[in-house]
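S.K.: The structure's right below; bear with me while I get my questions together.
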Amino acid sequence: MNKLKWSKFPLIAIAIVLLWIKTYIVYKTSFDIKIENWRQEFILFINPLSFLMFIFGIGLFLKGKSQNRFIITTSFLMSAVLFGNVVFYRFFNDFLTIPVLFQTSNMADLGSSVNELLEWKDLLYFTDFFLIVAFVLRRPTLTEQKNRNKVVISAYYLLTAAIAFFNLGLAEAERPQLLTRTFDREMLVKNIGTYNYHIYDAFLQSKSSAQRALADGSELVDIENYVRANYKRPSDDMFGIAKGKNVILISMESTQSFVINQEVNGQEITPFLNQFIKESYYFDNFYHQTAQGKTSDSEFIVENSLYGLSRGAVFFTHSENEYRATPEILNENGYYTASLHANNKSFWNRDLMYDSLGYTRFYALGDYDVDETNSIGWGLKDIPFFEQSVDHLLNMPKPFYSKFITLTNHFPFELGEEDLYIQPYDSTNKTVNNYFPTVRYQDEALKLFIEDLKETGLYEESIIILYGDHYGISENHNKTMGEFLGKEITPLESTQLQRVPLIIHIPGQEGKVIHNVSGQVDLKPTILHLLGIDTKQNIDFGSDLFSKDYTEFTVLRDGSFITKDYVYTKGTCYDKSTGEAIDSVDACEPYMEKAKNELEYSDKIVYGDLLRFYEKSGNIKKKTNE
């Protein structure tokens, strides 16, 4: 009987076992993957194995040095994929997707952030690769293989397939509908593994690419019916209260609500905002709803009343879609529309996306005087940014709609000594320590900007809206955040930390705190109604925050949702009044279908470019051969 020489199997086996064990160690040390029982732990342990057996098994069809090179190269590439996820997870608390990898035009501006995330000990993530190289160099005789046995190789791949189906079966039993909940990447990685997750991500990418070509206007019927059923008529008192006023919309970088009325080292973190709130409408239960697109996601959500995607950023993946955004609507109502951001115009693909949103003008890096003395980290500091922007506002036709995007309070939260208004927090966590001084600097910049608006007369002619774009402190820093806030950061508290400030200042209106649960998706109809513009024919998933019929319900991009009384996150329903998990999800169940529908309907609109079939009158056009 022709027997297989087993001299080659040890190298393949060593490569598989080393990467398998390393992957499991990375799961436990570098990712915050929640494990609830021994079955989930077992699934987490075995889930890398089938893919590693499959990919390294290709080497069985190669001979000699070709096989060695394949095993070494594959070991390096798999280690690089794993390490890439580790670095991405350190800040975003998320896993890489193919659309994120397409965002290469952002990399030049990400330098300081990436450098902050890298550590010398990261070389340890490639330990198995170095061991395999050393093994090949020191024991070349083990790499010889003179013949291949097809029966044994077939048995090898049958075993690989059996392990894969066993893994998937266990995962599906533990988490039904696993592969349909694509917005929950942690759940996918926990059950099918990092490597299989990326294969599945590639499948989703190809699927989404085909959706536009296959889409037609009939898909809008159910969506339109859903939106119409959930429409909330505006308040008689507030509709048109700011008619003809300028709109100054300010996106506050990485600003979370917990800093409001909070102190560090005995000093207020946001002294100006604390006062400004008293003469404005302040929404203290307002949530960001962003995902991997971060600031660009918040822009998309705020101006379209649609949700961002669970994978990548709409600004990159669907910048040529047809939208019915706030700037376009305001252009039709006599407004001059502009975005002001002292960064490269191509960052987040804004130069192309802003055309799709209907902006008249984009004031980008070339419209500002930037040098080493007035910039740090990501670019022009907020104080000179606002100072230079006042002239742009004064030269705009009136009324105008202007959106400002701040920069200074951005990870890694760098600031020079001359700009410190408060000292850093004192903990072992550098990120959290430095976050507070940059928030305080942003607060000072806003104060000076408002003073300039008053001096120029623009203050009384404008409504001013400030909102946080996304979190600044991710879940990776929950331990330090727990120490700062004096409480354990449970999944409930982590969800509550996704609240960001929303402040709406209307000349002549007294200040008021509004506690309604709300989100960024609600801003578009709110702004348009304040200006006296009807939105009943729009496809909006948000509602006017001042409506007497407003429903307290906000869904986050990961499928979590918040109501007046409950928070649902990571498969658990929490009572907000007690902070305790509810044994049964019955209390949250009535909202589950609504949360799922909103995300799925919004995704259909974006992936299928469905608004190209929707006329401004509210009629659905028939499919055209475009």
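S.K.: Past the 18 Å Cα-Cα mark, which pairs from Lys232/Lys576; Lys28/Lys190; Lys34/Lys479?
M.R.: Table pairs above 18 Å Cα-Cα are Lys232/Lys576.
S.K.: For region 317-391, just say rounded, prolate or oblate: build the C-alpha gyration tensor, square-root its eigenvalues into a ≥ b ≥ c, call rounded for a/c under 1.5, and beyond that prolate if a/b exceeds b/c, oblate if not.
M.R.: oblate
S.K.: Further, regarding this structure: Answer rounded, prolate or oblate for region 1-90, using the Cα gyration tensor with square roots of eigenvalues a ≥ b ≥ c: rounded when a/c is under 1.5, else prolate when a/b is larger than b/c, else oblate.
M.R.: oblate
S.K.: Heavy atoms only, probe 1.4 Å: what % of the accessible area of the chain goes to carbon and sulfur, would you let me know?
M.R.: Summing carbon and sulfur atoms, their accessible area is 54 percent of the total for the chain.
S.K.: Would you calculate the separation in nanometres between label points at Ala13 and Glu332, each defined as 7 Å from the Cα along the Cα-to-beta-carbon direction?
M.R.: The answer from the label model is 7.0 nm.
S.K.: Another one. Enumerate the calculated ³J(HN,Hα) couplings along region 308-313 in order (Karplus 6.51 cos²θ - 1.76 cosθ + 1.60, θ = phi - 60°), each rounded to whole Hz, writing x wherever the residue is Gly or Pro.
M.R.: With the stated coefficients, region 308-313 comes to x, 8, 6, 10, x, 10 Hz.
S.K.: Calculate how steeply helix 127-138 sits against the longest principal axis of the alpha-carbon atoms of the chain, using the helix alpha-carbon long axis, and give the answer as 0 to 90 degrees to the nearest 10.
M.R.: Once rounded, the angle reads 30 degrees.
S.K.: Follow-up. Charges on Cβ only, +1 for Lys and Arg, -1 for Asp and Glu, centred on the Cα centroid of the chain; of Val26, Phe276, Thr295, which one is farthest towards the dipole's positive end?
M.R.: Val26
S.K.: Arrange the peptides 69-76, 335-342 so that the one whose residues have, on average, the most other Cβ atoms within 10 Å appears first.
M.R.: 335-342, 69-76
S.K.: Give the shape of region 418-570 as rounded, prolate or oblate, defined through the alpha-carbon gyration tensor: a ≥ b ≥ c are the square roots of its eigenvalues, a/c under 1.5 means rounded, and otherwise the shape is prolate if a/b is larger than b/c and oblate if not.
M.R.: Note, shape of region 418-570 comes out oblate.
S.K.: With runs of 4+ DSSP H residues as the only contributors, calculate the mean residue ellipticity of the chain at 222 nm using -39,500 (n - 2.57) per run, divided by the residue total and rounded to the nearest 500.
M.R.: -13500 deg cm²/dmol
S.K.: Additional query: Determine the gain in length on full extension of the stretch Ala213-Glu589; use 0.36 nm per residue of separation and subtract their C-alpha separation, reporting nm with one decimal.
M.R.: Contour length minus the Cα-Cα distance gives 131.9 nm.
S.K.: Apply the Kirkwood formula to region 504-595: the hydrodynamic radius equals the inverse of the mean of 1/r over all pairs of different alpha-carbon atoms; give it in Å with one decimal.
M.R.: 14.9
S.K.: Can you tally the net charge around Gly579? Count Lys and Arg as +1, Asp and Glu as -1, for every other residue whose Cβ sits under 10 Å from the Cβ of Gly579.
M.R.: Spelling it out: positives minus negatives among the neighbours equals -2.
S.K.: Also, quick follow-up: How much net charge surrounds Glu475 when only other residues with a Cβ under 14 Å from its Cβ are counted (Lys, Arg +1; Asp, Glu -1)?
M.R.: The answer is -1.
S.K.: Between region 473-547 and region 16-73, what is the separation of their alpha carbon centroids in Å?
M.R.: 42
S.K.: For Glu41 and Leu158, compute 0.36 nm times the residue count separating them, minus their Cα-Cα distance, and round to one decimal in nm.
M.R.: Going from the current span to full extension adds 39.7 nm.
S.K.: Taking only C-alpha pairs under 8 Å that are 6+ residues apart, what is the relative contact order of the chain in percent?
M.R.: 20
S.K.: Nearest 5 percent is fine: what portion of the DSSP beta bridges confined to the chain is antiparallel?
M.R.: 50
S.K.: Additional query: Find how much the distance from Ile21 to Tyr231 grows on full extension, using 0.36 nm per residue of separation minus their present alpha carbon separation; answer in nm with one decimal.
M.R.: 70.3 nm
S.K.: What label, among (i) 30.8, 101; (ii) 24.8, 92; (iii) 26.6, 95, belongs to Rg and Dmax of the Cα atoms in Å computed from the structure on display?
M.R.: (iii)
S.K.: Scale the Cα Rg of region 222-373 by the rule-of-thumb value 2.2 N^0.38 Å and send over the ratio, two decimals.
M.R.: This ratio for region 222-373 stands at 1.21.
S.K.: Moving on. Restricting everything to alpha-carbon atoms, can you work out Rg to Rh for region 361-487 with a Kirkwood hydrodynamic radius?
M.R.: 1.02
S.K.: Still on this structure, please answer the following. Quick check: net charge around Asp565, other residues with Cβ under 14 Å of its Cβ, Lys/Arg +1 and Asp/Glu -1?
M.R.: Net of charged neighbours comes to -3.
S.K.: Next question. Kirkwood-based Rg over Rh for region 306-442 (C-alpha set), two decimals?
M.R.: 1.03
S.K.: Ignoring ligands, DNA and RNA, what accessible area per residue does the chain give at 1.4 Å, in Å²?
M.R.: With the other protein chains kept in place, the chain gives 42 Å² per residue.
S.K.: Also, I was wondering about something else. Can you tell me the FRET efficiency between Glu461 and Asn265 if r is taken as the Cβ-Cβ distance and R0 is 45 Å, rounded to the nearest 0.05?
M.R.: Efficiency, rounded to the nearest 0.05: 0.70.
The values are calculated or read from the model by the stated rules, or taken from the named source; none is laboratory data. Just so it is clear, the model here is predicted, and its values are computed rather than measured. Positions of Cβ are generated from backbone atoms using ideal geometry, with glycine treated the same way; all protein chains shown enter the neighbour counts. Only protein heavy atoms, including side chains, enter the accessible area calculation; ligands, DNA and RNA are left aside. Shrake-Rupley method; radii C 1.70, N 1.55, O 1.52, S 1.80 Å.
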